[in-house]
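A.B. asks: Input: one structure, supplied below.
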Amino acid sequence: MDRTSHRRRRTAGLIAGAVAAVTALTAGVLTAPAASADATLGQLAAAKGRYFGSATDNPTLSDVPYQQILGSEFGQITVGNTMKWMYTEPTQGQFDYTQAEAIVDRAEANDQLVRGHTLVWHNQLPGWVSNVPADRLLGVMRDHITNEVAHFKGRLIHWDVVNEAFEENGSRRQSVFQQKIGDGYIAEAFKAARAADPNVKLYYNDYNIEGVNAKSDAVYNMVKSFKQQGVPIDGVGLQAHLIVGQVPATLQQNIQRFADLGVDVAITELDIRMDLPRTTAKDTQQAEDYGKVVRACLAVSRCVGMTIWDFADHHSWIPSVFPGQGAALLYDENFGKKPAYYAVAAALGGTSSPSPSPSPSPSPSPGGDGCTASYKVTSQWQNGFTADVTVRNSGTAAIDGWTVTWTFPDGQRISNLWNGDLTADGSSVTVRNVGYNGRLGAGASTSFGFQGSYTSSNGTPTGIACAAA
Ligand code: G3I
């Protein structure tokens, strides 16, 4: 069997598994295995018959710590840019899937589902498309869809066939496709996609259609008429580029009304931005907001999964488009998990704070000072590594702060540390809590992490100890 057919068989198996889980859930029978306390977001979602994924873009392919998280934490990947028309058919009739393939290959190696994004969009279009005469654009659009969908046939779970075709008031966006082909272009796009791959699920995808409003009404009416006319649409993607404190109150109701039309719904590009800088209050509100979105999806059996629009704040599109705003994702710039991460995990049925490290070495420090610390290397490559340290309040009363100390035996050095305040003196390391993770109730835990370097060996620290404030 060649490499492609092997991949296709494996992806078909993954898709079948996901579909089976969702089908079982629809029937009220949850067959997926229960998730353990320290499961990843992808595992937690899978236990609910859903996927939880992240978008990603090609510049991150060589970023080892980023890829380590992307490849392990998420059950699904969306190709954030390089399946778009400007990358895949930059010159008419010359198709290039090199960049998109690089992400799909990696996702398949990690057994992750892949959403295709996007076939027909007014943005990131190569210039030549706008110059196609009106009487030829329908054919050009069909050719593009046919080629790209056929190319990835068997490897994707969904395609965002048409993206962002409506204005806020519910009228059609005056894109080149709308102007030159007319209202029928969306239905024609779906028909072309179905002809090229009868199995991949075909989605209409848009922003500001998360709640019930004029724009989502327009999409609703389109989907309803497509279903009546037999136009092959399988799902609606709610992008969910949201603002802290402003999750639409009608989110679940809106998901439900689309589901009632007989289509699936996916949260496709979730991020929740705030005015910078971050504060504890904004982080707390953001965590609540993420939890609300996840719970709304889980409440509707046809809401099949959720995707965040990349996972770490320094890879977000927000600051470049909304100056002064950002911090919209689940991980910070140092890949530290934010309160929003734990809120998503909790909403998916996991623990709401990091669980103690399973690593036995070294043993947790004695709890005489009211806290313990356990250290775990989470990934290691030539001369580099990442590690997590879990801090647990081992006493019977709440503590208001903690300090963890240890000594590296092999000259290791920390290059960046998250969720803690680092003081290093040669091999001696001291880490204190930061503002939002100092207070721990009795038995509660939190964690910090870091990236470090080593030379010949990376031995376990000695003298690890935790002191409560
Ligand atoms: O690749 C070039 C690079 O060579 C160049 O140096 C750099 C200089 O600006 O630009 C790079 O291209 C950028 C591209 O992302 C890849 O990083 C473009 O300028 C930039 O405009 C483009 O932005 C993308 C945006 O879509 C375009 O509208 C974002 O990354 C992408 O996250 C965003 O995604 C969209 C969804 O597709 C649809 N829904 C909204 C969402 C957010 O805008």
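The values are calculated or read from the model by the stated rules, or taken from the named source; none is laboratory data. From a predicted model like this one, the values you see are computed outputs, not experimental measurements. Glycine gets a Cβ as well: all are built from the backbone with ideal geometry, and neighbour counts include every protein chain shown. Surface areas here come from the heavy atoms of the whole protein model, side chains and all, with no ligands, DNA or RNA. Shrake-Rupley method; radii C 1.70, N 1.55, O 1.52, S 1.80 Å.
A.B. asks: Specify the residue that is farthest from the ligand (Cβ to nearest atom); the eligible residues are those in the stretch 281-299 that are under 15 Å from Asn254 (Cβ atoms) and open to solvent by less than 30 Å² (accessible area, probe 1.4 Å).
C.D. replies: Filtering the stretch 281-299 for residues that are under 15 Å from Asn254 (Cβ atoms) and open to solvent by less than 30 Å² (accessible area, probe 1.4 Å), the one farthest from the ligand (Cβ to nearest atom) comes out as Ala296.
A.B. asks: If you check every pair at least six apart or on different chains, which have Cβ atoms under 6 Å apart with a residue in the stretch 120-142 that is under 18 Å from Tyr203 (Cβ atoms) and within 16 Å of the ligand (Cβ to nearest atom) first and a residue that is in a loop (DSSP other than H, G, I, E, B) and open to solvent by 60 Å² or more (accessible area, probe 1.4 Å) second?
C.D. replies: Taking only residues 6 or more apart or on different chains, not a single pair turns up.
A.B. asks: With respect to Val161, is the statement that it is in contact with a helix residue (DSSP H, G or I) (Cβ under 9 Å, 6 or more places away or on another chain), within 16 Å of the ligand (Cβ to nearest atom) and not in a helix (DSSP H, G or I) true? Full working, then the answer.
C.D. replies: Numbers: in contact with a helix residue (DSSP H, G or I) (Cβ under 9 Å, 6 or more places away or on another chain): yes; within 16 Å of the ligand (Cβ to nearest atom): yes; not in a helix (DSSP H, G or I): yes.
Yes, satisfied.
A.B. asks: If you scan the stretch 250-269, which residues turn out to be assigned to a helix (DSSP H, G or I) and either out of contact with any strand residue (DSSP E or B) (no Cβ under 8 Å at 6 or more places or on another chain) or of a type in the set (A, V, I, L, M, F, W, C) (or both)? Reasoning before the result, please.
C.D. replies: Initially, the stretch 250-269 is screened for residues assigned to a helix (DSSP H, G or I), giving 251-260.
Result: Leu251, Gln252, Gln253, Ile255, Gln256, Arg257, Phe258, Ala259, Asp260.
A.B. asks: On to the next question. Being in contact with a Lys or Arg (Cβ under 7 Å, 6 or more places away or on another chain), open to solvent by 20 Å² or more (accessible area, probe 1.4 Å) and not in a helix (DSSP H, G or I) is the requirement here; does Val247 meet it? Full working, then the answer.
C.D. replies: On the way: in contact with a Lys or Arg (Cβ under 7 Å, 6 or more places away or on another chain): yes; open to solvent by 20 Å² or more (accessible area, probe 1.4 Å): yes; not in a helix (DSSP H, G or I): yes.
Answer is yes for this residue.
A.B. asks: Just the residues that are within 16 Å of the ligand (Cβ to nearest atom) and of a type in the set (Phe, Trp, Tyr), please, taken from the stretch 75-96.
C.D. replies: Passing the criteria: Trp85, Tyr87.
A.B. asks: Name the residues in the stretch 84-129 that are within 17 Å of Asn147 (Cα to Cα), among the β-branched types (Val, Ile, Thr) and touching a helix residue (DSSP H, G or I) at 6+ places or on another chain (Cβ under 8 Å), would you?
C.D. replies: Thr88, Thr91, Val120, Val129
A.B. asks: Name every residue in the stretch 64-91 that is surrounded by 14 or more Cβ atoms within 10 Å (Cβ to Cβ), in a loop (DSSP other than H, G, I, E, B) and not small (Gly, Ala, Ser), in order of residue number.
C.D. replies: Selection gives Phe74, Asn81, Thr82, Met83, Lys84, Glu89.
A.B. asks: Does the stretch 173-204 hold any residues that are not hydroxyl-bearing (Ser, Thr, Tyr) and not in a helix (DSSP H, G or I), and which are they? Let's see the steps before the verdict.
C.D. replies: First, pick out the residues of the stretch 173-204 that are not hydroxyl-bearing (Ser, Thr, Tyr): 173-174, 176-184, 186-202.
Across the stretch 173-204, the qualifying residues are Arg173, Gln174, Gly182, Asp183, Gly184, Asp197, Pro198, Asn199, Val200, Lys201, Leu202.
A.B. asks: Moving on to the next point. With respect to Ile272, determine if the residue is part of a strand (DSSP E or B), more than 29 Å from Tyr185 (Cβ to Cβ) and either within 16 Å of the ligand (Cβ to nearest atom) or among the small types (Gly, Ala, Ser) (or both).
C.D. replies: Working: part of a strand (DSSP E or B): yes; more than 29 Å from Tyr185 (Cβ to Cβ): yes; either within 16 Å of the ligand (Cβ to nearest atom) or among the small types (Gly, Ala, Ser) (or both): yes.
Judged against the criteria, Ile272 is a match.
A.B. asks: From the list Gln68, Gln76, pick out the single residue that is within 17 Å of Val104 (Cβ to Cβ) and at pLDDT 95 or above.
C.D. replies: On the way: Gln68 fails: within 17 Å of Val104 (Cβ to Cβ).
Just a single option satisfies the conditions, and that option is Gln76.
A.B. asks: Now a separate question. Just the residues that are away from the ligand (no atom under 14 Å from the Cβ) and in a helix (DSSP H, G or I), please, taken from the stretch 42-63.
C.D. replies: Gly42, Gln43, Leu44, Ala45, Ala46, Ala47, Ser62
A.B. asks: In addition: Considering each of Arg302, Arg278 in turn, give the residue that is surrounded by fewer than 21 Cβ atoms within 10 Å (Cβ to Cβ) and away from the ligand (no atom under 16 Å from the Cβ).
C.D. replies: On the way: Arg302 fails: surrounded by fewer than 21 Cβ atoms within 10 Å (Cβ to Cβ).
Going through Arg302, Arg278 in turn, just one is surrounded by fewer than 21 Cβ atoms within 10 Å (Cβ to Cβ) and away from the ligand (no atom under 16 Å from the Cβ): Arg278.
A.B. asks: I'd like to verify a number: residues in the stretch 335-372 that are buried (at least 18 other Cβ atoms within 10 Å of the Cβ) and at pLDDT 90 or above, how many?
C.D. replies: So the count comes out to 15.
A.B. asks: In the stretch 198-221, how many residues are under 22 Å from Leu156 (Cβ atoms) and open to solvent by 10 Å² or more (accessible area, probe 1.4 Å)?
C.D. replies: 4
A.B. asks: Something else: Just give me the residues in the stretch 93-118 being under 23 Å from Ile69 (Cβ atoms), open to solvent by 10 Å² or more (accessible area, probe 1.4 Å) and assigned to a strand (DSSP E or B), in sequence order.
C.D. replies: Residue satisfying the conditions is Leu113 alone.
A.B. asks: Considering only residues that are outside any helix (DSSP H, G or I), within 22 Å of Val293 (Cα to Cα) and either hydrophobic (A, V, I, L, M, F, W, C) or within 16 Å of the ligand (Cβ to nearest atom) (or both), which ones fall in the stretch 205-234? Steps first, please.
C.D. replies: Start the filter on the stretch 205-234 by keeping residues that are outside any helix (DSSP H, G or I), which leaves 205-213, 230-234.
Still in the running and within 22 Å of Val293 (Cα to Cα): 205-213, 234.
Within the stretch 205-234, Asn205, Asp206, Tyr207, Asn208, Ile209, Glu210, Val212 meet the criteria.
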